[in-house]
Amino acid sequence: MLTDEQRQAAALSLFNADKTRKTIQQLSKTYPEMTIEDSYDVQQRWADLRVAGGAKIIGRKIGLTSRAMQMASKITEPDYGVMFDDALFKDGARIPAGTFIKPRLETELAFIMGADLQGAGCQMHDVMEATAYVSPALEIIDYRTEVPRAIVDTIADNAAYGAIVLGGRIVRPFDIDVRWVAATLSKNGTIEESGVSAAIMGHPAAGIAWLVNKLAPHGGGLKKGDIVLGGSFTRPVDIASGDVIYADYGPMGSIGVSFE
């Protein structure tokens, strides 16, 4: 367990790494005694620094939703982070690649909350009832620490959040079977990845129910208007300046962005 001073120092080092676009040594090496509880506290402190600098929290992201990624990270559950308005892009955006350190991109679904949702015992049907819309989304993931990373490094590093891109066609959650939303992810005209949303814990709302239950002991939850990324259903694709990305979600439309 870290001291209060160590937690604050860790948060400040991540904050500065994000600003300078330079990676730092893994926190798990700097603080070998770091726990999962420590890492979420560091994440929150870093978010507080971002908010103090003018950023606004727009929602949450869930990561490590696939069993393969959990096994690779030696954990048995997903992780989560927060998202900010200054890292929100729309379909057609030209995104400066230099905003990130080593960006990668994934296809996801975003749930836009139509009602507050909090408390222990949250189930998938609670998530669906509280959701106003589901939208195609891309997540840009980025890391501020060196490799190899332990799970505490990833959590403290805001679950590797870099940015979110929204686009395509929004739908009401019961108008489609959200388990079977499929997407292809192309880079520079070549399909690099494809997947289906059922790969996210069997149902993309499952991760959000997990998140609500995870936040409950701390008095937290989701608020009306929050955007929640439910987890990736494709492997991450490396991106760099000059790349053009196109994600095709079939009946739910598409998202296209370029990096400069």
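The values are calculated or read from the model by the stated rules, or taken from the named source; none is laboratory data. Treat the numbers as computed from the prediction; the structure is a model and nothing was measured. Cβ sites come from the backbone with ideal geometry, for glycine too, and all protein chains shown count toward neighbours.
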Q: Report, by residue number, each residue of region 103-146 that is touching a residue at least 60 places away in the same chain (Cβ under 8 Å), part of a loop (DSSP other than H, G, I, E, B) and closer than 25 Å to L27 by Cα.
A: P103, Y143, R144, E146
Q) Looking at region 232-241, which of its residues are of a type in the set (G, A, S) and at pLDDT 95 or above? A) A240, S241
(Q) Among the residues of region 165-179, are any more than 19 Å from the chain's Cα centre (by Cα) and surrounded by 17 or more Cβ atoms within 10 Å (Cβ to Cβ)? (A) yes
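Hey, any hits in region 203-218 for a residue that's over 18 Å from the mean Cα position of the chain (by Cα) and not in a helix (DSSP H, G or I)?
no
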Q: Select from region 164-192 the residues that are in contact with a Pro (Cβ under 9 Å, 6 or more places away or on another chain) and without any contact (Cβ under 8 Å) to a residue 60 or more places away in the chain and write down the one among them that is farthest from G59 (Cα to Cα).
A: R179
Q) Tell me, which residue of region 219-239 that is part of a strand (DSSP E or B) and in contact with a Phe, Trp or Tyr (Cβ under 7 Å, 6 or more places away or on another chain) is nearest to G59 (Cα to Cα)? A) V228
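Out of L229, L222, which single residue is surrounded by 15 or more Cβ atoms within 10 Å (Cβ to Cβ) and out of contact with any Leu (no Cβ under 6 Å at 6 or more places or on another chain)?
Numbers: L222 fails: out of contact with any Leu (no Cβ under 6 Å at 6 or more places or on another chain).
Being surrounded by 15 or more Cβ atoms within 10 Å (Cβ to Cβ) and out of contact with any Leu (no Cβ under 6 Å at 6 or more places or on another chain) holds for just one of L229, L222, which is L229.
For residues that are surrounded by fewer than 20 Cβ atoms within 10 Å (Cβ to Cβ), hydrophobic (A, V, I, L, M, F, W, C) and touching a strand residue (DSSP E or B) at 6+ places or on another chain (Cβ under 7 Å), tally how many sit in region 121-140.
The initial filter retains those residues of region 121-140 that are surrounded by fewer than 20 Cβ atoms within 10 Å (Cβ to Cβ), namely 121, 123-126, 128-129, 132-133.
In the following step, the residues that additionally are hydrophobic (A, V, I, L, M, F, W, C) were identified as 124, 128, 132.
Next cut, touching a strand residue (DSSP E or B) at 6+ places or on another chain (Cβ under 7 Å) only: 132.
Counting residues in region 121-140 that are surrounded by fewer than 20 Cβ atoms within 10 Å (Cβ to Cβ), hydrophobic (A, V, I, L, M, F, W, C) and touching a strand residue (DSSP E or B) at 6+ places or on another chain (Cβ under 7 Å) gives 1.
Name the single residue, out of those in region 1-33 being among the acidic types (D, E) and surrounded by fewer than 19 Cβ atoms within 10 Å (Cβ to Cβ), that is farthest from R45 (Cα to Cα). Give the steps one after another, and end with the answer.
Initially, region 1-33 is screened for residues among the acidic types (D, E), giving 4-5, 18, 33.
Keeping just the survivors that are surrounded by fewer than 19 Cβ atoms within 10 Å (Cβ to Cβ) gives 4-5, 33.
On the way: D4: 11, E5: 11, E33: 18 Å.
Within region 1-33, the match that is farthest from R45 (Cα to Cα) is E33.
Got a sec? Which of V181, V147 is hydrophobic (A, V, I, L, M, F, W, C) and touching a helix residue (DSSP H, G or I) at 6+ places or on another chain (Cβ under 6 Å)? Steps first, please.
Working: V147 fails: touching a helix residue (DSSP H, G or I) at 6+ places or on another chain (Cβ under 6 Å).
Only one candidate passes the filter, namely V181.
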(Q) I need a count of the residues in region 143-158 that are hydroxyl-bearing (S, T, Y) and within 15 Å of the chain's Cα centre (by Cα). (A) 2
(Q) Which numbered condition in (1) within 19 Å of the chain's Cα centre (by Cα); (2) part of a helix (DSSP H, G or I); (3) in contact (Cβ under 8 Å) with a residue 60 or more places away in the chain is the only one that A198 fails? (A) (3)
Q | All positions within region 23-48 that are farther than 13 Å from A160 by Cα, within 19 Å of the chain's Cα centre (by Cα) and polar (S, T, N, Q) | A | Q44
**Q.** Breaking point among (1) farther than 20 Å from E106 by Cβ; (2) touching a strand residue (DSSP E or B) at 6+ places or on another chain (Cβ under 9 Å), for V152
**A.** (2)
**Q.** region 88-120, subset within 21 Å of P251 (Cα to Cα) and among the acidic types (D, E), residue surrounded by the fewest Cβ atoms within 10 Å (Cβ to Cβ)
**A.** D91
(Q) For region 20-71: of the residues being assigned to a strand (DSSP E or B) and not basic (K, R), which is farthest from G202 (Cα to Cα)? (A) I24
Q) Looking only at region 22-65, which residues are in contact with a Pro (Cβ under 7 Å, 6 or more places away or on another chain) and of a type outside the set (V, I, T)? A) G63, L64
Q. R149 is checked against (1) at pLDDT below 95; (2) crowded, with 23+ Cβ neighbours inside 10 Å and fails just one. What number does that condition carry?
A. (2)
Q. Pick from I57, I75: which is modelled with pLDDT of 95 or more, under 30 Å from S197 (Cα atoms) and surrounded by 13 or more Cβ atoms within 10 Å (Cβ to Cβ)?
A. I57
